[in-house]
C-alpha cells in the first residue's frame, strides 16, 4: 500500500510525457495537477495505521525492499505533500507553452523521487530515489532564464553526482561487511569495524554535501538562487531534506559515538552562523534566502548530531513550509518587478504578500506560536551551557537578516500587479506555518520573543549605521574564479579535505 | 552524413538480427542469461547503427521522433501499472501470475512482462537521447 | 603548490582505502539469494534479483534513466529545425 504514494505521481509523469506524441499537449496541466495531488488519496490510510511497514512484493525482509512510515519520516512526507501541492498550484500555467510539458514531467518525477526516498528503509533504494529527485532538479535549475543559471546547474550536477558516487561507495562497503541493505537487519547484525567507520564517514560527508552544510555548501546558493521561484521552493524546501533523512536513517541504524558526533555538531553550528553572516551581506533577495537554507540546514543537522532525529524531522517540516513560502512569495515579487535586487523590490502596494512575508519571517525566526518555534523548542532540549546561548544567538541572527529583508521590502516602490493566485498561495502557506505551530505546540512565550525581536532590530540598526549593508563582496562571488574548471577544482580539494577529516575522525 | 554502400548494407543486414536477439533476451531473460536492461541497450544499438550509417534524416522517416517518445512513456507507464496491479492481489510488485513448470516461459509470472517493459523503456530512452542530440547538432 | 596538495590528498585517500579489509562477511542477503533460489522459481538468479526480489529498485533505475533523458530533452530539445 505504501509504495502507491510513489507509483501515482510516477505513472502521471509517464503519461504526461506521451501527451505531446499524441498531440494532446493541452491536457498536460491537468494530468500534472492530478499527479501532484494523487498521493493525498493514500495519506489518510497511512496516517490511520501509523507505524506501518511493508516489504515490496511480499517477500521477506532479507530479500526484498522494505518501505515504512513511522514517526521519523511522517514529518518529511507531510511536508513534501503540502509544499508540492502549493508549488503545483503555483506552477500551473507558469512555464511557456514550449517547455511546459517537459517541465511538468520533471516536477512530477522530482515529486515521486522525493516520496520514494522518504518512505525507504533500504539503503540502495533510498539512494536510487534520492537520485531521481536530484537528477530532475539539475535540469529544472538549468531552464531558468536568470544569467548564470546553466553554470549553476552544471556546478550542482558535478558536485551532487560526486557526492552520489561517494555515497554509493559507502553503501557498498556497508553491504560488503554486514551483508544487508535493509536498515533494520543491518542494525541487528552489526559488528562495528574499521570498514564500517570508513563507510559511515563516506556516507556522512556525501550527504552533508548534498544537504548543503558548511563548508560543503558552495553549490547551494548558486543553484537555489538562480532557479525559478517554484523550483527554488522545491529545492530549498524539499530536495535538501532527502539527504537529511538519509543522515537520520544512518544515526538510527549505527551507533554514533562522541568522536563522530563532535564534527557533526561543530559543522551544524558553523553552518548556522556562516549562513546567517552571508545572508546579512547579500543584496540579492533569492541569494539571501538561499544562504538561509545553509543556516537552517545547520539546525536540522544539529538535531541529527544531538541524536534527536525527531527534532530534526520536525525542524525539516517547519523549514519546508516557511522556506518554501518565502521563496514563492519573494519570488513572485522578484518576477513581477523583473529583478532580484533587494533595493528595487517592494511589497508596500501589495497587502497580502506583505502579510505573508512578515508572517513567514517571524516563522523562520522562531517566534512563538509559529511552527519554527516548535522545531526550536524540540532542538533546545538537548543543549547545555554555552551551546544553548549560541543557539539563541543563531535565532537572533536569523531575525536580524529577516529584519533586513523586510526593511528593504517595505520601502516605497512602483506599483505592480501580482496575480491573485500567487498571493493566495503565499498567504495560505504563511497561515499554515501559524496553524501548524499552534497545532503542534500551543505555547506562547511573549517575553522571550519580544526580547529577541528587540535585540534583532537593534542589531539591524547598528549594522546599518556601521554600513555593513553597503559592503559589496566581490571576493565572495563565484566570479573570482577565472574559469568554471578552476572553481570546481578548488571545491573538489575542499571536499576531499573534509572527507579526509571525517575519515580520520571516524577511524 | 551517409556512409559507404558496404557499411549501409551491412548495418541493414545486422539490425534485424539485433532486434531478434534483443527480443530473445527480453522474453527469455528469466531462463537464460539476459534481462531487460541488456535487451534494451541492444535494441537501441540496432537503431543507433542505422543512424550512424544512414544518417539521422533517413532514419527518422522510419522510426519517427514521436513514436520513440510514445514507446518510452507507454512502457514506463506499463511498468508502474504492472506494479500497481499487484496491489489487487496482495502487494505492490506482487508476482500475481506465477505458475507453470520450472523452466517454462510462463513460470516467471510478471518477470518477462517486467523485462519487456524495461527493455522497451531503455531502448526507447537511448534512441530518444540520440535523436535529441542529433536534432540539436543538425539544427544549424 | 596546487599539485603538491592534490598529490598529498590523493595519497592519504589511497592509504585509507588500501588499509581496509575487503573480504566479504558471511551470511546476509547474498546467502539468502543463493539458498532460496527456488522461492522465485526461475533459473536465472540475476533476473530473479533484478526483476523480482528487488524489482522496485529496477523500476527506480529505469525511472532514473527516464529522468535524465527528460532533463536532457528539456535543456537541449526545445528548438525544432
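Computed from the coordinates by the stated procedures, all read-outs in this text should not be read as laboratory data. These figures come from a predicted structure and were not determined experimentally. Here the Cβ positions follow ideal geometry from the backbone for every residue, glycine too, while neighbour counts run over all protein chains shown.
Between region A:105-175 and region A:290-326, the C-alpha centres lie 19 angstrom from each other. A Gaussian network model of chain B, with springs between Cα atoms under 10 Å, assigns the largest mean-square fluctuation among B:80, B:118, B:68 to B:80. Cβ crowding within 10 Å ranks A:6, C:16 as C:16, A:6, fewest other Cβ atoms first. One Cα centroid belongs to region B:56-120, the other to region A:395-440; the line between them spans 47 Å. Relative contact order of chain A: 14 percent, from C-alpha pairs under 8 Å at least 6 residues apart in sequence.
Multiply the residue gap between residue A:390 and residue A:465 by 0.36 nm, knock off their C-alpha separation, and tell me the result in nm, one decimal place. Result for the pair: 24.5 nm of gain on full extension. Arranged from fewest to most other beta-carbon atoms within 10 Å of their beta carbon, A:276, B:48 become B:48, A:276. What shape does chain A have by the C-alpha gyration tensor, where a ≥ b ≥ c are the square roots of the eigenvalues, rounded means a/c under 1.5, and otherwise prolate means a/b greater than b/c and oblate the rest? Since a/c stays below 1.5, the shape of chain A is classed as rounded. Quick one: Debye curve from the alpha-carbon atoms of region B:18-67 only, equal weights, vacuum; give me log10 I(q)/I(0) at q = 0.13, 0.14, 0.19, 0.30 Å⁻¹ to two decimals. With no solvent term, the Cα-only Debye profile gives -0.36, -0.41, -0.64, -1.00. Which whole number in µm²/s is D for region A:68-205 by Stokes-Einstein, with the Kirkwood Rh taken over Cα pairs at 25 °C and 0.890 mPa s? Result for D is 145 µm²/s.
What is the fewest-to-most order of A:506, B:130 by other Cβ atoms lying within 10 Å of their Cβ?
In increasing order of surrounding Cβ atoms, one gets B:130, A:506.
For the options C:62, C:51, C:14, a Gaussian network treatment of chain C with springs between C-alpha atoms closer than 10 Å singles out C:14 as fluctuating the most.
In terms of overall dimensions, the C-alpha atoms belonging to region A:169-246 reach 46, 23, 15 Å along their principal axes, ordered largest to smallest.
Assign one of three labels to region B:5-137, namely rounded, prolate or oblate, based on the Cα gyration tensor with a ≥ b ≥ c the square roots of its eigenvalues; rounded applies when a/c is under 1.5, prolate when it is not and a/b is larger than b/c, and oblate otherwise. It is oblate, given that a/c is not under 1.5 and a/b is not larger than b/c.
Over chain B, Cα pairs under 8 Å with separation of 6+ residues give a relative contact order of 32 percent.
Normalised by the number of residues in region A:256-471, the average gap of Cα pairs under 8 Å and 6 or more apart makes the relative contact order 25 percent. According to the square roots a ≥ b ≥ c of the eigenvalues of the Cα gyration tensor, what is the shape class of chain C, taking rounded for a/c under 1.5, prolate for a/b larger than b/c otherwise, and oblate for the remainder? Oblate, since a/c reaches 1.5 and b/c is not below a/b.
When the helices of the protein assembly as shown are scored as -39500 (n - 2.57) per DSSP H run of n ≥ 4 and the total is divided over every residue, the value at 222 nm lands at -23500 deg cm²/dmol.
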